[in-house]
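Each remark here refers to the structure printed beneath this line.
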Amino acid sequence: MRFDTVIIGAGLSGLAAGIRLAHFGRRVCLCERHTRIGGLNSWYERGGRRFDVGLHALTNLAPRQRREAPINRLFRQLRLSRDELHIVPQRHSRIVFPGCSLRFSNDFAVLEASVAEAFPAQHEAFQRLVAAVRDYDVYSYHLEPLPARKTLAAILSDPLLIEMLLCPVMYYGNAQADDMDFRAFCILFRSLFLEGVGRPAGGIRPLLDALAARLAEAGAELRLNCGVRTIACPDGAVTGVSLDDGTFLECDSILSSAGHLETLRLCDPAPASATTHPAGCISFIESIFHLDCPPADLGLDDSILFLNRTPEFAYRPPAALADAQSTVLCLPGNFGGGETVAGADLLRVTSLANPQPWLHLPADEYRVAKAEAAAAQLDGIADIAPLAGHARLADVFTPRTVLRYTGHLNGAVYGSPRKLYDGRTPIRNLFLCGTDQGFLGIVGALLSGVSMANYHLLAKA
Ligand SMILES: Cc1cc2nc3c(=O)[nH]c(=O)nc-3n(C[C@H](O)[C@H](O)[C@H](O)COP(=O)(O)OP(=O)(O)OC[C@H]3O[C@@H](n4cnc5c(N)ncnc54)[C@H](O)[C@@H]3O)c2cc1C
């Protein structure tokens, strides 16, 4: 019952940290409250078929030859093979605002050409922005936050271009309402536009199966259905964890992927910042529809479509249950070049949601609200995607689902707006990985687990 490290959560960051530590001979125990691994990026079965919980796309899809690209470094460190996952690239995607559209693919020249065509006066400024993004030291543990909107406005003079670039970047990993840290902007811009996106042909499960296999081979212990109820830290240092079933596990250190505030609230005694650190408020609803024909037959040929109905992109909780002005459409059937892709007959439609009403609706009203929100999403995209009679609702994912699968306060998809890039907490041997450390998304979460294990628990040994 004594471990070198207890890891809280077997989402992608916890799994990656567990593999890394166990590879180096550490005695590791992963405690996961749910009966399945994966956290926000897991899968479930309904009506006899498998659905991914939250998979639009795997970002950071740099070519294999770029050995130092994050995805390639990560796969080596976790001993994963890209062939094993069979990742199929996007074909092309679009950002559509009133009167203007930008196209991008995994060839960055496509976005460059699209910006040059739609915003000819911004061509050189856009090149300067790209250079600034490439040069920014995103992995430094000692950077002060820098507001992205102000930084972008100092380089680009066309407000519409700024809004259009922020839209996909914010949707795919910003925890802050209205603005974001320029470091997070750089991480996401690189991972989406400079490196590219794809989908594992078999959905998320083959990746989770591969991670579980590496974890077992490395000798880490994985306990499912095993919530951590409290973290014992009597003198400002961790001594162990009490589990929901009353068991106590002694350990020398803890790596938690449960979120910053959520982790501090488990501590006994709780540090002062357990009441002052800001909780997140950004959440989504995502409706999954079955299509009765290939999306291209309905005029939908993008892999991902970011749609915003106003010249300004309002990235904040809407007053209503869900935002009618902005949606992201993901079409798994439009990835790859004709290979069999899991979920190819599905359409995923994501919109910003106001977490509070979703979290408090009584069960019967919740069911009705989900169906109405999904119908409103289809109505809202009817001019771009005339799906009437072709789309059948399969499921709706809300802030309540995020809370249930992750324990994130407010069902905040990307956790707290204040990230702790060095993973340190006020407790000496308690560190964070995952969402609130600040590297987001599938590849980001894996990278976070590996880098926090390396930095805090392996480098000093
Ligand atoms: C709708 C949606 C779509 C998304 N789509 C994409 C996408 O297409 N591509 C992409 O790259 N990213 C996507 N993401 C983001 C991505 O899912 C997350 O950034 C990533 O999965 C976070 O991993 P994590 O390990 O940090 O945390 P989590 O997945 O939140 O894992 C934390 C784990 O800790 C467990 N836990 C919490 N508290 C305790 C406790 N007390 N005891 C034990 N266990 C506990 C939870 O049960 C959970 O399993 C999406 C997210 C959402 C919500």
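A compact table of results
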| quantity | calculated |
| --- | --- |
| Accessible area in the full protein assembly, largest first, 1.4 Å probe, for S101, S157, S256, S242 | S157, S101, S242, S256 |
| Computed Kirkwood radius, in angstrom, where 1/r is averaged over Cα pairs of region 115-196 | 13.0 Å |
| Hydrodynamic radius of region 281-413 per Kirkwood, over alpha carbon pairs, in Å | 15.3 Å |
| Vicinal HN-Hα couplings computed from phi for region 78-87 (Karplus, 6.51 cos²θ - 1.76 cosθ + 1.60; Hz; Gly/Pro x) | 9, 6, 9, 10, 5, 5, 4, 9, 6, 8 |
| Qualifying GluC sites (Glu not before Pro) for region 1-89 [loop in DSSP, other Cβ within 10 Å: at most 11] | E68 |
| Computed accessible area, H360, all protein chains, 1.4 angstrom probe, square angstrom | 130 Å² |
| Interchain or long-range residues, amide H under 5 Å from C226's placed H | E32, R33, H34 |
| Percent antiparallel among DSSP beta bridges (both partners in the chain, rounded to 5) | 70 percent |
| Whole-angstrom Cα spans of region 152-208 along principal axes, big to small | 44, 21, 17 |
| Residue-wise HN-Hα coupling along region 262-277, computed from phi with Karplus coefficients 6.51, -1.76, 1.60 (Hz; x: Gly, Pro) | 4, 6, 4, 6, 7, 6, 10, x, 7, x, 4, 5, 5, 10, 10, 5 |
| Amide H within-cut-off set for G240, under 5 Å, with H built and near neighbours excluded | A232, C251 |
| Stokes-Einstein translational diffusion, the chain - Kirkwood Rh over all Cα pairs, 1.306 mPa s, 10 °C, in µm²/s | 71 µm²/s |
| Residues with amide H under 5 Å from that of C267, placed H, sequence gap 5 or more | I231 |
| Dipole in debye (nearest 20) - region 281-413, about Cα centre, beta carbon charges: Lys, Arg +1; Asp, Glu -1 | 520 debye |
| Span-like helix ranges in the chain, DSSP H, alpha carbon extent 15 angstrom or more, Kyte mean at least -0.5 | 12-23, 108-118, 123-135, 159-171, 205-218, 363-380, 441-452 |
| Kirkwood Rh in Å, taken over region 222-357 so that all alpha-carbon pairs contribute | 19.0 Å |
| Region 1-91, Rg to Rh (Cα coordinates; Rh as Kirkwood inverse mean 1/r) | 1.02 |
| Test item: Cα-centred dipole of the chain, Lys/Arg +1 and Asp/Glu -1 on Cβ, debye | 1060 debye |
| Vicinal HN-Hα couplings computed from phi for region 320-337 (Karplus, 6.51 cos²θ - 1.76 cosθ + 1.60; Hz; Gly/Pro x) | 7, 4, 9, 7, 8, 8, 8, 8, 10, 10, 10, 10, x, x, 9, 9, x, x |
| Accessible area of C31 in the full protein assembly, 1.4 Å probe (Å², nearest 10) | 0 Å² |
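The values are calculated or read from the model by the stated rules, or taken from the named source; none is laboratory data. Not measured: the values here are computed from a predicted model. Here Cβ is always computed from backbone atoms with ideal geometry, including for glycine, and neighbour counts include all displayed protein chains. These accessible areas exclude ligands, DNA and RNA; they are computed on the full protein's heavy atoms, side chains included. Shrake-Rupley method; radii C 1.70, N 1.55, O 1.52, S 1.80 Å.
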